[in-house]
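Data block below; observations after.
The values are calculated or read from the model by the stated rules, or taken from the named source; none is laboratory data. Predicted model only: the values in this text are computed from it and were never measured. Heads up, the Cβs are rebuilt from the backbone with ideal geometry, glycines too, and the neighbour counts pull from every protein chain shown.
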Amino acid sequence: MNYLRTGILLAVLTALFMAVGFLIGGQSGMTIAFLLALAMNLFSYWNADKMVLRMHGAQEVDAASAPEYYDIVRQLADNADLPMPRVFIMRNPQPNAFAAGRNPAHAAVAATTGLLESLSREEVAGVLAHELAHVKNHDTLTMTITATIAGAIGMLAQFGFYFGDRGNGNSSLGFLGSLGMLILAPMAAGLVQMAISRTREYQADALGAEICQRPLWLASALEKIAGAVKRIPNASAERAPASAHLFIINPLSGQRMDSLFSTHPATENRVARLRALAREWGQGEDGAPGGGASSSGPWG
């Protein structure tokens, strides 16, 4: 996703942030919200990835503390001709992963313990290749800043409901108006997140398949993750639903109405495209050319 699209998205989110400020405090509230938005956009550009990683309790690892996981990321980064990203683990039983960072030189990938423990090495590689595809496509800046500002819009709406002065003459909100804002402002932020084209995920799937050279590794991983998220809650994502679009599969799927605002295409459609890509490449169900064993590719 290019920087022009990033700028447009930030402008929309900033306008929404200002609108909530106006509803809370009138003209002065909008002015304060505008100044806060400018500061937040600047802060988010440099720090959104750190905030999201902290939000999900991600801990950085290296070749000594997580050798196999780190080695997979290193091999895939080499395949993608990307700088080595920082590598994180989230202590979370739900299998899932995301990437963050303002550009490939400052990128991070994070996987849950559930992903690393329940998927095969090949499936983990497929997932991480997808996340590195987001890095290579420059999606991560938009994704992380969107999570930060959309979350802030929800918090501002809550502040306005609980602490706003509805009788100050500047704001036209009464109790019902404040309640409506509390409900509708986060929903509007979710709609903005939906405006990030779902083709982004399809593009990352296709490029991820090229990076790991095995489309069926990612297809198998997507099926397993999609099944698991319906059974295994993701506590940190439930506390911060604005970050749900970062993950390879919506971590809120089947849990609450946030799934209506998912930026992810249907998993079965993604899997179908990956299987079609594998057939186009002449790969069998085990991911090897012609269906037989292969010692070539990124894993030797």
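Assorted remarks:
- Members of the stretch 1-58 that are surrounded by 14 or more Cβ atoms within 10 Å (Cβ to Cβ), modelled with pLDDT of 75 or more and of a type in the set (D, E, K, R): D49, K50
- In the stretch 135-145, the count of residues that are modelled with pLDDT of 95 or more, crowded, with 16+ Cβ neighbours inside 10 Å and either under 13 Å from the mean Cα position of the chain (by Cα) or under 21 Å from I232 (Cα atoms) (or both) is one or more.
- So S295, is it part of a loop (DSSP other than H, G, I, E, B), modelled with pLDDT under 90, of a type in the set (S, T, N, Q) and crowded, with 16+ Cβ neighbours inside 10 Å: no
- Cβ-Cβ under 6 Å pairs, at least 6 apart or on other chains, the stretch 213-231 side within 19 Å of A133 (Cβ to Cβ), far side of a type in the set (K, R) and surrounded by fewer than 24 Cβ atoms within 10 Å (Cβ to Cβ): A219/R275
- Residue identified as at pLDDT 95 or above, assigned to a helix (DSSP H, G or I) and surrounded by 24 or more Cβ atoms within 10 Å (Cβ to Cβ) among L216, L207: L216
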